[in-house]
Amino acid sequence: MLGLGVMILTLAIIRGFKSEIRGKVRGFSGDMVVVKNDLNGSFENSPIAANPDFVKKALASPLITKVMPFATKPGIIKAKTDIEGIVLKGVDKEYDWSAFKKNMVAGDVIDFKDTTEAKKQLLISQTIANRLGLKVGDKVFIYFVQQPLEARAFKVKGI
């Protein structure tokens with residue numbers, strides 16, 4: 001039978017992990033995500049037209065600190081001889097990188113000073129890097145799941 005001290009320590013560790021996971025999820029996707037309500041069942045979100053009035057009203061609330069547009073697109077990443085299914089998250093130059101910077105293990109976040117180069121840069125997770133044997137600076141191809149199939153080259157900017 002576990003002693004009371006061990007049980008309290010166990011609960012504290014579990015709560016700590018839960019808090020750490022919650023913080024990472026919030027950092028990567030935010031507390032609230034606004035998407036178009038439709039029958040789209042794919043990993044690709046349907047576009048919503050930019051609405052400056054909505055953004056202005058949202059930011060007037062003390063509960064909302066940022067509005068960051070994004071897009072998602074399913075794809076297949078190919079490196080050397082291995083492939084992996086992924087969902088790309090596309091962001092713009094206004095994106096808040098603070099959560100990513102805290103979790104970076106190598107490289108840096110995407111640099112939007114040169115928008116042409118920014119479109120060729122990619123951040124990947126440590127899990128994907130390990131599975132595909134990738135490091136910062138490596139070139140990969142991403143095949144976008146669409147008709148016709150489209151492939152684009154990217155350079156790993158950060159992990």
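The values are calculated or read from the model by the stated rules, or taken from the named source; none is laboratory data. Only a predicted model underlies this, so the values are computations on that prediction, with no experimental measurement involved. We place every Cβ from the backbone using ideal geometry, glycine too, and count neighbours over all the protein chains shown. Remember, those area values only see protein heavy atoms, side chains included, never the ligands or the DNA or RNA. Shrake-Rupley method; radii C 1.70, N 1.55, O 1.52, S 1.80 Å.
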Reported set for segment 112-159 where residues are open to solvent by less than 80 Å² (accessible area, probe 1.4 Å) and part of a loop (DSSP other than H, G, I, E, B) is Phe112, Asp114, Ile124, Ser125, Gly133, Leu134, Val136, Gly137, Asp138, Gln146, Ile159
Members of segment 57-99 that are among the small types (Gly, Ala, Ser) and in contact (Cβ under 8 Å) with a residue 24 or more places away in the chain:
Ala71, Gly75, Ala79, Ser98, Ala99
Exception for Phe43 within (1) within 28 Å of Tyr143 (Cβ to Cβ); (2) at pLDDT 70 or above; (3) open to solvent by 80 Å² or more (accessible area, probe 1.4 Å); (4) of a type outside the set (D, E, K, R) falls at (2)
Residue by residue through segment 65-111, note down the ones that are polar (S, T, N, Q), under 19 Å from Asp31 (Cβ atoms) and open to solvent by 80 Å² or more (accessible area, probe 1.4 Å).
Thr65
Under the condition of being out of contact with any Lys or Arg (no Cβ under 7 Å at 6 or more places or on another chain) and acidic (Asp, Glu), which residue from segment 83-95 is nearest to Ala151 (Cα to Cα)?
Asp92
Do we have any residue at all in segment 94-101 that's in a loop (DSSP other than H, G, I, E, B), at pLDDT 90 or above and among the hydrophobic types (A, V, I, L, M, F, W, C)?
no
Would you check if there is a residue in segment 52-68 being part of a strand (DSSP E or B) and under 24 Å from Asp111 (Cβ atoms)?
no
Could you say whether any residue in segment 136-151 is among the hydrophobic types (A, V, I, L, M, F, W, C) and under 12 Å from the mean Cα position of the chain (by Cα)?
no
